[in-house]
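Single-structure report; data block below.
The values are calculated or read from the model by the stated rules, or taken from the named source; none is laboratory data. Keep in mind it's a predicted model, so treat the numbers as computed, not measured. Cβ placement follows ideal geometry from the backbone for every residue including glycine, while neighbour counts extend to all protein chains displayed.
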Amino acid sequence: MTGVHDATGVHDRLQALAAELAEVGERAGAPCLDPVNGAMIRNWTQALGDTGDWAEVAPPAMIQVWSMPGLVAQKGASAADEILRLLNESGYTGVVATNCEQTYDRYVKVGEQLRSTMRFGELVGPKKTAMGEGYFVTWYQSWYDENDQRVAEMLFRVLKFQPRKRSGAKSKGGPIKPAIGLDTAFYWDGAKEGELRIQCCADCGALRHPPGPMCPKCHSVKRDHVVASGRGEVHSYVVHHHPPVPGKTPPYVVAVIDLDEGVRVVGNVNGCAPEDVSIGMPVQVVFERVDDDLTLPQWIPADAPVEAPEAAAEEPPADLEIPLTPTFVIATALATRDFTPVHHDTELARAQGTKDIFLNILTSIGLVQRAALQAEPGAVLESISVRLGVPAYAGDTLRVHTERVDATTLKVRGAVSLGDHVTATVRIKESEPPVGGRPPTPPAAPEERLRRQGGAR
Amino acid sequence: MSLVGKTAIAGIGATEFSKESGRSELQLAAEACLDAIRDAGLKPSDVDGLVTFAADANAEIAVQRELGIPELRFFSRVEYGGGAACGTVAHAAMAVATGQADVVVCYRAFNERSGHRFGQANRSARVDSTGLEFSWHLPYGFATPAAWVAMQARRYMHEYGATSEDFGRVAVAMRRHAATNPKAWFHQRPITLAEHQESRWIVDPLHLLDCCQESDGGVAIVVTSVERARDLPNPPVVINAAAQGTGPDQMMMFSYYSGDLAALPAMGNVGRRLWEQSGLTPADVQTAILYDHFTPFVLIQLEELGFCGHGEARDFIKDGGIEIDGRLPVNPHGGQLGEAYIHGMNGIAEGVRQVRGTAVNQVRDVRNVLVTAGTGVPTSGLVLGVS
């Protein structure tokens, strides 16, 4: 659904509105209902598994929590609401948060009463993106102390996009199921057991694939099978692009494989790019379980690791590994005072088209802080800039890697099974003495595997 | 006993070729048959035999009813997709030569573009011998004719050094011919080799322009004895050879499991029969109608039929070798790449026009025409000639 009848008109109206909002400048933002307090800090550190010492100051990544409205029917307005509404009306109905950058002028102390302001940032677009054509909308929120001194600022950016018409190229459901008869069942049964079975005449021993009821050489109907070594080479292959085929996402490779045993079979060659497949390439069998009833013998390059051909195998061990239990996802959402149902109500989350409840952004930033301070104990953070990636769903595991770039910069990457969930740049203040976030006192939360990254400097 | 020279094609008929006929397949069949019967100077009541493809949706008795044919003495269906095309004429000729029937109409009619499209993913998975054959392939997303042909094309390229451009030259030739055929879908729309190369991948190594179009339409062919044909208005187009054939370890379109993928042994078999029956050689035909669902198989057919040696077709076709003014004009009507995809039956009609001397892109001094049916499947072929 694009629904944009007059693209130029819409663009002009968006630009005009953006200019208007920019003119308004800074205005009062969401109220901070409670002073900075130990109870909320404790809820937060317990939920996120942060073991730092935050007796006097609040964790910097908590800054937005102080102005979160809590469980209320009407959410506070953002500085970009009118633009977001106009984008919705113009067909840019999709939304995805892309960036969140927090800059900390100073850490806030327990007992301080904060106030927040907001201002519109900018509108950039239209841009072609992986999600579809869209506009990036940026706004800011700032926090001030009782003396009207700014303590922190946050940039928040979303992409509002026109959801692409489904091309139909994406596969739906599983592959086409084979018909299985009396003469072929042994093959599919074997695949389920992880065996590539080749029919063998019980009288003359001739091998045959595809199998059949009568040996074409000696006409015996007595059948047996051998289990193939699973090694072979590509005799010929194609790369399928079009049309869409159930259960497959193009481009994909189909090949005729010459087995070492002297018969040929057909299957997909996975585990390498289509352009890396060639005639004569050695391949080995792997078994792709489709469901309880069907397992497909498949092929990968012979030199590929059998078990985990994906990148996960090459990944160094994570510095922080967090099982995303439903409790973790819900407890952290509530501890950051984020009561959006997609973070705690599984049924509702699924009804909205997501796989499950997922981690909220305030928590993701908190975990970046946690990883950074684990790598640099006692450091004082100047800013955290987060680029948001795939959702971190309940049931997944978040693996966080920390890497030092220079004396004051860390890169933090949090990945889940779907890919990168956050990639962050954390900047450390240079000369200030530590005022909080002292080294964690081991042991850490028992369900987590913590590993200090040594010698990374 | 032989059918050679005893029977002739006396009439051809067709509907228009389109992308959306707007009428039922049975109506297309009835219209094409009536057109062919009238072209032959006959009436439906003269017809006593009907033959079609196993894949055709229109039962012989349904066509009989629409045409008001009083009774049939012979009816038959030929299997294996487009491989059936010349087989229908072979069955009709056998029936006429043996006295089982006097006038047999062969027909094929479908809404192959607006209705069921063969180019889409095949989902057949019945527990019969054919369904089991498909079952070794469909779960891997190996589910379209383009993909099945591409598998052989890749091996052919590997063995003989043929390139995508060699395949493209076939498409360029067919579109050149179609450009001057007012009945062709691609009338006045020739292509260049560069356009072929730039067309998108369907199944690498096949580009879009390596694949024939999809069409709605119907074609019918009237077969009777040479004697009777002599009394009819059109000059008889004599069936000098008619053959069907398979190869070793033949499968529907997946004969990959033994032997040479860079070959089409079923067509080799049919070719040998055709030359034997007709007593002719490749040098004796002035034009060939080669089934062109996908360009690579035109090259392999030229080799299997003996027009050149294995691996030599790319030299045979270069410099316009199969174009209207080349050494062997192939598909002067534009073939299925250019005119229409009527499962090979429109090619038989073109063979008849070339022998009659009435084609829009007429080859000079045509005495014998070779016609082939779909390849990769069990196939068939004809040699048609002047009487």
Q: For residue B:261, state whether it is under 30 Å from residue B:151 (Cα atoms) and in contact with a Ser or Thr (Cβ under 8 Å, 6 or more places away or on another chain).
A: yes
Q: Return the total of residues in the stretch A:420-455 being at pLDDT 80 or above and either within 23 Å of the chain's Cα centre (by Cα) or not acidic (Asp, Glu) (or both).
A: 10
(Q) Return the residues of the stretch A:27-38 that are at pLDDT below 95 and among the hydrophobic types (A, V, I, L, M, F, W, C); say none if nothing qualifies. (A) A:28, A:30, A:32, A:33
Q) Can you name the strands (runs of 3 or more DSSP E) wholly within the stretch A:367-421 that have at least 2 residues being of a type in the set (Asp, Glu)? A) A:397-406
**Q.** Residue satisfying all of: in the stretch A:339-371; farther than 17 Å from residue A:60 by Cα and in contact (Cβ under 8 Å) with a residue 60 or more places away in the chain; surrounded by the fewest Cβ atoms within 10 Å (Cβ to Cβ) among these
**A.** A:339
(Q) If I ask for residues that are closer than 22 Å to residue B:213 by Cα and among the hydrophobic types (A, V, I, L, M, F, W, C), which ones from the stretch B:120-150 would you list? (A) B:121, B:142, B:143, B:146, B:147, B:148, B:149, B:150
(Q) Go through the stretch B:105-151 and report how many residues are more than 7 Å from chain A (Cβ to nearest Cβ) and either of a type in the set (Asp, Glu) or outside any loop (DSSP other than H, G, I, E, B) (or both). (A) 17
Q: Six or more apart or on different chains, Cβ under 8 Å: which pairs go from a residue in the stretch A:15-42 that's buried (at least 18 other Cβ atoms within 10 Å of the Cβ) to one that's among the polar types (S, T, N, Q) and part of a helix (DSSP H, G or I)? Could you list them?
A: A:29/A:67; A:30/A:67; A:32/A:67
Q. Which condition breaks for residue B:29 when tested against (1) touching a residue at least 60 places away in the same chain (Cβ under 8 Å); (2) surrounded by fewer than 24 Cβ atoms within 10 Å (Cβ to Cβ); (3) in a helix (DSSP H, G or I)?
A. (2)
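Residue-by-condition table, conditions (1) within 29 Å of residue A:276 (Cβ to Cβ); (2) in contact (Cβ under 8 Å) with a residue 24 or more places away in the chain:
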| site | (1), (2) |
| --- | --- |
| B:138 | yes, no |
| B:150 | yes, yes |
| B:172 | no, yes |
| B:185 | no, yes |
| B:203 | yes, yes |
| B:211 | yes, yes |
| B:219 | no, yes |
Q. Got a number for residues in the stretch A:44-63 being assigned to a helix (DSSP H, G or I) and modelled with pLDDT under 95?
A. 0
**Q.** strands (runs of 3 or more DSSP E) wholly inside the stretch A:85-161 containing at least 1 residues that are under 15 Å from residue A:29 (Cα atoms), in contact (Cβ under 8 Å) with a residue 12 or more places away in the chain and assigned by TED's automatic domain parsing to the domain that holds residue A:429
**A.** A:115-128, A:133-144, A:150-161
**Q.** Enumeration of residues in the stretch B:152-168 that are part of a helix (DSSP H, G or I), in contact (Cβ under 8 Å) with a residue 40 or more places away in the chain and surrounded by fewer than 23 Cβ atoms within 10 Å (Cβ to Cβ)
**A.** B:155, B:157, B:158, B:159, B:160, B:164, B:166, B:168
Q | Breaking point among (1) over 36 Å from the mean Cα position of the chain (by Cα); (2) within 12 Å of chain B (Cβ to nearest Cβ); (3) surrounded by 18 or more Cβ atoms within 10 Å (Cβ to Cβ), for residue A:183 | A | (3)
